[in-house]
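Report on the following structure.
The values are calculated or read from the model by the stated rules, or taken from the named source; none is laboratory data. What you see is a predicted model, and the numbers here were worked out from it, not measured in a lab. Please note: Cβ atoms are built from the backbone with ideal geometry, for glycine as well, and neighbour counts cover all protein chains shown. Keep in mind that these areas ignore ligands, DNA and RNA; they rest on the heavy atoms of the full protein, side chains included. Shrake-Rupley method; radii C 1.70, N 1.55, O 1.52, S 1.80 Å.
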Amino acid sequence: MSTGAFSIDQLMELAGLSVSQVVYRVHPLNKGRRVLVAVGPGNNGGDGLVAARHLRHYGYQPTIYYPKRSKNELYQRLAKQLEDLDVLFVDDFPKALSSADHVVDAIFGFSFSGEVREPFPAVINAMAETQVPVTSVDAPSSWDIEEGPPKSGVGSNFHPNFLISLTAPKPLVKHFKGRHFIGGRFVTPAIAAKYDFDVPEYEGLDQVVEVEPSGQKL
């Protein structure tokens, strides 16, 4: 998206706003305000931090699990914005999960590959086993972008309830069985044509649209 003159912080803000709108749609305030956001060290985690800020302004009570804080100034500013809103950062994921009403999985996204390293295996396993609904950002953490869930090991039984694909759906959506949303209202026709994907029709002020796994609007 940098070819369209978007900066990384602009894209992260748009992505996080989209994530927050999905949570608001699938888990309105009357279902419980306590949202646990699991944040990874990269861009996916940044999207989660932005989403948490928006959720706080909507009236939710987000809690942040962010065990590997980035030294990048952008991520530090995002964390400081949450601290200024009195959003709690926690070190014990299982304990925080036990009192959560909803979980946002913003650990690993599009750029993930290789082995899941500590402390995230236990976190992903906990999300796989919990009855608390989970929304994953761009990709369920540990899933391969092309092939979906791993055949065995960490994440092989992780099937979140909701998925928001940022910009456009990734090939892994063919393995996803939950409710699927796209957040990419900023995508230009030129970018869509270059990478050969369709931009769904967004309604009103919505930054997200619910689609079938194939990408067709519901």
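Each label point was placed 7 Å from the Cα along the Cα-to-Cβ direction; for I145 and K95 their separation is 3.7 nm. Assign one of three labels to the stretch 124-208, namely rounded, prolate or oblate, based on the Cα gyration tensor with a ≥ b ≥ c the square roots of its eigenvalues; rounded applies when a/c is under 1.5, prolate when it is not and a/b is larger than b/c, and oblate otherwise. The shape class here is oblate. Shown for the chain: lysine pairs separated by 8 or more places, or found on different chains, whose C-alpha atoms are under 19 Å apart, numbering 10. Per-residue ellipticity at 222 nm computed for the chain from its helices equals -9500 deg cm²/dmol, with DSSP H segments shorter than 4 residues left out and the rest contributing -39,500 (n - 2.57). Classify the stretch 74-134 as rounded, prolate or oblate, taking a ≥ b ≥ c as the square roots of the eigenvalues of its Cα gyration tensor: rounded when a/c is under 1.5, otherwise prolate if a/b is larger than b/c and oblate if not. It is oblate, given that a/c is not under 1.5 and a/b is not larger than b/c. If you take the charge dipole of the stretch 75-218 about its Cα centre, with +1 on Lys and Arg Cβ and -1 on Asp and Glu Cβ, which of P150, L205, A100 is farthest toward its positive end? Checking the options against the dipole of the stretch 75-218, the answer is P150. Add +1 for every Lys or Arg and -1 for every Asp or Glu among the other residues with Cβ under 14 Å from the Cβ of R77, and state the total. Cβ neighbours under 14 Å give a net charge of -1. In a fully extended conformation the segment linking D84 and E118 would gain 9.4 nm over its present Cα-Cα distance, using 0.36 nm per residue. Relative contact order of the chain, taken over Cα pairs closer than 8 Å and 6 or more residues apart, is 17 percent. What separates the Cα centres of the stretch 104-168 and the stretch 191-212 is a distance of 23 Å. Over the chain, the ratio between the Cα radius of gyration and 2.2 N^0.38 Å evaluates to 0.94.
Using a probe of 1.4 angstrom and keeping all protein chains present, the accessible surface of the stretch 139-218 works out to 52 square angstrom per residue.
The overall shape of the stretch 1-107 is oblate: from the C-alpha gyration tensor, with semi-axes ordered a ≥ b ≥ c, the ratio a/c is 1.5 or greater and a/b is no larger than b/c.
Of all DSSP beta bridges confined to the chain, the antiparallel ones make up roughly 15%. Compared with the direct C-alpha span, the chain from T130 to L29 gains 34.3 nm at full extension, assuming 0.36 nm per residue. For the chain, carbon and sulfur atoms together expose 50% of the accessible surface, with a 1.4 angstrom probe and every protein chain in place.
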